[in-house]
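The values are calculated or read from the model by the stated rules, or taken from the named source; none is laboratory data. Since this is a predicted model, take the numbers as computed values, not measurements. Here the Cβ positions follow ideal geometry from the backbone for every residue, glycine too, while neighbour counts run over all protein chains shown.
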Amino acid sequence: MNHLPEAWGRPRDDIYGAYDHSFVAASQPNTHTQSPIVTGTSVVALKFNGGVVIAADNLASYGSLARFTDMERLRQVGTHTVVGASGDVSDMQHIFTKTLENLTISEEYQSDDGHRLRAKHVYSYLSRVLYQRRNKFNPLWNVLLVAGWDEGKPFLASADLLGTTFSAPALASGFGAHLAIPLLRRVAPDEAAVEGITRERAIEVVEECMKVLFYRDARSMNRYTMAVVTGSKDEAGKEKVDIEWRKDIELKQQSWKFAEGIRGYGAQTV
């Protein structure tokens, strides 16, 4: 007797011919990529009194190979928002070039009602897209940081591939969640501390985080992109949002000779 599942409830093959296995293949569930191939590492963001600073390096790694060195992982959405993505680069491109562009076209151009997408709107939409894909067991392998201006104050929040959402005055994804967050929280331990952080101080802290990540994260590089979202009101009381881009910033590398002074380095006697 043939005990294979496809033979259950049917006559033997040697009498009625071989079984058509195409029926079995057609009934199998869809399978999706469950492991990212080309990935980007940390995104770092910090609120300040009047806006948000967000930065991400330009490297996309193929495993441990520094494959693509000009991959910007920040994208402006509308007039109020910048989205940063770490994780799988192909999923990031899907979010940037399809999901967010379709959202912008639909909400700002097709409607033509004067309404403009704010940071909270973009964040709510992306968090639900991620959660919906997770429920289909085909997640978008990214952690997204949404920075911008909303209702007269800076906005910063995070959403991951499971649809988990939260906000904080300082956020980082990837390896930065371990290395950059402690540095950021020294400056912004809570929302109340944001009022005392100037734009210059916020940029300085984020630059320091990018420097630490370059030296400590093997998937990082010394060139990165930064966006500074600043909100204010004009004389008529109308809200005004400005997004300043600083692209292809290059860190000034220090000599690796300092490694000789680290205990246990190389063949030195300790």
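β-branched (V, I, T), within 26 Å of L46 (Cβ to Cβ) and under 16 Å from the mean Cα position of the chain (by Cα): is that true of T81 in this structure?
When the stated conditions are applied, T81 passes them.
Would you check which residues across the range 132-173 are among the small types (G, A, S), within 18 Å of G231 (Cα to Cα) and under 13 Å from the mean Cα position of the chain (by Cα) and list them?
A147, A157
Could you figure out which of (1) modelled with pLDDT under 95; (2) within 30 Å of E239 (Cα to Cα); (3) surrounded by 19 or more Cβ atoms within 10 Å (Cβ to Cβ) isn't true of A159?
With (1) modelled with pLDDT under 95; (2) within 30 Å of E239 (Cα to Cα); (3) surrounded by 19 or more Cβ atoms within 10 Å (Cβ to Cβ) applied to A159, the lone miss is (1).
Filter the range 27-59 for residues that are surrounded by fewer than 23 Cβ atoms within 10 Å (Cβ to Cβ) and aliphatic (A, V, I, L, M); which is modelled with the lowest pLDDT?
The extreme case among them is I37.
Could you check the range 144-167 and list, in sequence order, the residues that are over 13 Å from I54 (Cβ atoms) and of a type outside the set (S, T, Y)?
Within the range 144-167, D150, E151, G152, K153, A159, D160, L161, L162, G163, F166 qualify.
Go through V77, V82, V143, V129 for me and flag whichever is at pLDDT 95 or above, of a type in the set (V, I, T), buried (at least 17 other Cβ atoms within 10 Å of the Cβ) and more than 24 Å from Q34 (Cβ to Cβ).
V82
If we keep just the residues of the range 104-126 that are surrounded by 19 or more Cβ atoms within 10 Å (Cβ to Cβ), among the hydrophobic types (A, V, I, L, M, F, W, C) and more than 24 Å from Q34 (Cα to Cα), which is modelled with the lowest pLDDT?
Only one residue fits best here, namely L117.
Return yes or no: is A172 touching a residue at least 12 places away in the same chain (Cβ under 8 Å), touching a helix residue (DSSP H, G or I) at 6+ places or on another chain (Cβ under 9 Å) and of a type in the set (G, A, S)?
Spelling it out, A172 is indeed touching a residue at least 12 places away in the same chain (Cβ under 8 Å), touching a helix residue (DSSP H, G or I) at 6+ places or on another chain (Cβ under 9 Å) and of a type in the set (G, A, S).
Over 19 Å from A56 (Cβ atoms) and in contact with a helix residue (DSSP H, G or I) (Cβ under 9 Å, 6 or more places away or on another chain): is that true of E191 in this structure?
So E191 fails the test.
Which of the helices (runs of 4 or more DSSP H) found entirely inside the range 110-227 contain at least 3 residues meeting this: touching a strand residue (DSSP E or B) at 6+ places or on another chain (Cβ under 7 Å) and under 17 Å from D88 (Cα atoms)?
Fully inside the range 110-227 and qualifying: 119-135.
Suppose the filter is within 21 Å of E72 (Cβ to Cβ) and touching a residue at least 24 places away in the same chain (Cβ under 8 Å); does D150 pass it?
no
Working carefully through the options D217, D234, D242, find the one that is modelled with pLDDT under 95, of a type outside the set (S, T, Y), under 22 Å from the mean Cα position of the chain (by Cα) and within 29 Å of R116 (Cα to Cα).
D242 is the lone residue from the list that is modelled with pLDDT under 95, of a type outside the set (S, T, Y), under 22 Å from the mean Cα position of the chain (by Cα) and within 29 Å of R116 (Cα to Cα).
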